[in-house]
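The values are calculated or read from the model by the stated rules, or taken from the named source; none is laboratory data. Predicted model only: the values in this text are computed from it and were never measured. Here the Cβ positions follow ideal geometry from the backbone for every residue, glycine too, while neighbour counts run over all protein chains shown. Ligands, DNA and RNA are excluded from the accessible area calculation, which covers all protein heavy atoms including side chains. Shrake-Rupley method; radii C 1.70, N 1.55, O 1.52, S 1.80 Å.
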Amino acid sequence: MSDEWLSPEAIEAWWASPSQKALKRPYTAAAVANLRDPFPENTTSNAMALRLRAILEKHHRAKTVNLTTSPLEMSSQQMMAEAGMETAYVSGGVASFTAVTDPSSDHADYTYDTLPKKVELLQRAQKLNTRIARAKGNKDADSFMLPLIADADSGFGLYTTVMKLAKLFVQAGAAGFHIDDLFPGAKRFDGKDGEAWVIVPMCELQKRLTAARLQLDIMGSELVVFYRADPHSATRITSSVDPRDRPYILGATVELPRHYASLTTSPERAEWKTKAKLLSLDDAFKAAYPEKYDEFSKKTEGLNVSEALPIATKLAPEFYFSADAARNSSGYYAYNGCVEASIARTLEIAHLVDVCWPNASWYEPVDVEKYAKGVHAVHPDKWLGYNITGSFPEDGSLDPELKVLNQKIAEWGYCWQFMPLAMFTALGVAAKNTAVGLMQGGTNFYVENVSRPASKAGGKDSVEWWYKKPAILTDTAAEVIGDCM
Ligand SMILES: C[C@](O)(C(=O)O)[C@H](CC(=O)O)C(=O)O
Ligand SMILES: [Mg+2]
């Protein structure tokens, strides 16, 4: 145990260092020192996180974007490194199919240690690669180590789980992770009924990110925290408690005999939504009583929906608005997802995170540009991330736009972009060719179409794994141990 490690002054000095100085903590260095373990366990994670920080800053300054994907295992990860990719993403969506005992669509319902375990495996694989390369005399062996940016989803619970999760990621050697504002357990991808994208209130998001930051500080961690903003896709929010969510919470403006939650069929629900004329409290009041809106607005500043509603009805006794009527059978409120909501949230929490990313399952250029402008207007030095997961039109209609997409993304100020499913899908394509080839061409197909191209693809080093590559380490160890005769 070193005095320096447990000294609040040393923690403050670290907070003033280049990697940390843009962050603002709502707690003291003394509180962090009190919570520290006797010894730091951040070595690999810190080295990789500092490497990631340098990469992000380089691209941010040059107005270029670092594009990457999600490796499934050591082989695809090594190919990414050899191809010159500078970072790698560890996707929860991919893990839902490949790192669990019961694969399913991505509901982020795997255990909270699933992604840290995946990171640990990939990290150790990278280290193995590095040892092999060094044993073969490669002076640049270190370049095989890609900083891994992992999916921490919603943090899997309240602050204690978030802290445990952050700890596991540091121990596993992650360079970064992202946390979103989804409600754990409610994530769905079909979204047919508009109930799939449920976020927590602003205060809960802030607690999550503060908990993550606190755990990283406790561990003396340089890990890069990404806020994945989901409000622009959200259709539901678990609570109306936070005044900052008031502009986006929707309520019925027409009184109907039954509330939304009591309806069971999709057509009934759709009809209800049309008849209820959903609006936010402010928009509803403004539309009904434009002449009284300024007074309402002044009197309700800083109040949440339930606090502001009685003031509205005092000013206009005939006014009807009910956020409760629009709650669904899980009790969640209706939410007007829009890019403005994502920007507003990002600006509230920017001091706690290093990278901000508007999560989208499809290319929405107008919103992507708006988000970057909105965040950079206030925080010009904040790194921005971007992803596209969705499928692309097979008729090629979007191809001309996609050809210049990365350049545009970079111009708008994004320095990191990833396509989480690219490698997963590509391996499927390669697997199909291999399976069909083996069926038709037998062993000779393997030699001609797999192992020989693998040797060529690896240059001096074959990309064929099995015994050939790591054998050099076994031989070296055997030499060191000797015969002991
Ligand atoms: C990027 C992502 O976090 C992932 O797990 O790969 C996805 C995003 C998506 O599929 O659009 C997710 O978890 O939602
Ligand atoms: Mg995910």
- Query: Counting only residues that are within 15 Å of ligand 2 (Cβ to nearest atom) and assigned to a helix (DSSP H, G or I), which one in region 67-105 is most open to solvent (accessible area, probe 1.4 Å)?
  - Reply: Phe97
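Just to check your reading of the model, which residue among Leu146, Leu158, Leu115 is more than 15 Å from ligand 1 (Cβ to nearest atom), touching a residue at least 40 places away in the same chain (Cβ under 8 Å) and either within 14 Å of the chain's Cα centre (by Cα) or surrounded by fewer than 16 Cβ atoms within 10 Å (Cβ to Cβ) (or both)?
Details: Leu146 fails: either within 14 Å of the chain's Cα centre (by Cα) or surrounded by fewer than 16 Cβ atoms within 10 Å (Cβ to Cβ) (or both); Leu115 fails: more than 15 Å from ligand 1 (Cβ to nearest atom).
Among Leu146, Leu158, Leu115, only Leu158 is more than 15 Å from ligand 1 (Cβ to nearest atom), touching a residue at least 40 places away in the same chain (Cβ under 8 Å) and either within 14 Å of the chain's Cα centre (by Cα) or surrounded by fewer than 16 Cβ atoms within 10 Å (Cβ to Cβ) (or both).
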- Query: Within region 170-192, is even one residue assigned to a helix (DSSP H, G or I) and open to solvent by 40 Å² or more (accessible area, probe 1.4 Å)?
  - Reply: yes
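Mind listing whichever residues of region 118-140 are away from ligand 1 (no atom under 15 Å from the Cβ), in a helix (DSSP H, G or I) and open to solvent by less than 60 Å² (accessible area, probe 1.4 Å)?
Within region 118-140, the first condition is being away from ligand 1 (no atom under 15 Å from the Cβ), and the residues that meet it are 120-121, 123-140.
Still in the list and also in a helix (DSSP H, G or I): 120-121, 123-135.
Matches in region 118-140: Gln123, Ala125, Gln126, Leu128, Asn129, Thr130, Ile132, Ala133, Ala135.
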- From the list Leu250, Leu223, Leu263, Leu216, which residue is crowded, with 24+ Cβ neighbours inside 10 Å, hydrophobic (A, V, I, L, M, F, W, C) and without any contact (Cβ under 8 Å) to a residue 60 or more places away in the chain? Leu216
- Would you mention how many residues in region 84-108 are in contact (Cβ under 8 Å) with a residue 40 or more places away in the chain, acidic (Asp, Glu) and more than 8 Å from ligand 1 (Cβ to nearest atom)? 1
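Suppose the filter is aliphatic (A, V, I, L, M) and either surrounded by fewer than 21 Cβ atoms within 10 Å (Cβ to Cβ) or without any contact (Cβ under 8 Å) to a residue 40 or more places away in the chain (or both); does Ala325 pass it? Working first, answer last.
On the way: aliphatic (A, V, I, L, M): yes; either surrounded by fewer than 21 Cβ atoms within 10 Å (Cβ to Cβ) or without any contact (Cβ under 8 Å) to a residue 40 or more places away in the chain (or both): no.
Judged against the criteria, Ala325 is not a match.
Quick one: which residue in Lys286, Lys277, Lys273 is open to solvent by 50 Å² or more (accessible area, probe 1.4 Å) and on the phi > 0 side of the Ramachandran plot? Break it down into steps so the answer makes sense when it comes.
Values: Lys286 fails: on the phi > 0 side of the Ramachandran plot; Lys273 fails: on the phi > 0 side of the Ramachandran plot.
When all the criteria are applied, what remains is Lys277.
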- Message: Of everything in region 293-314, what is open to solvent by 60 Å² or more (accessible area, probe 1.4 Å), without any contact (Cβ under 8 Å) to a residue 40 or more places away in the chain and out of contact with any Pro (no Cβ under 9 Å at 6 or more places or on another chain)? Give them in sequence order.
- Response: Asp294, Glu295, Lys298, Lys299, Pro310, Lys314
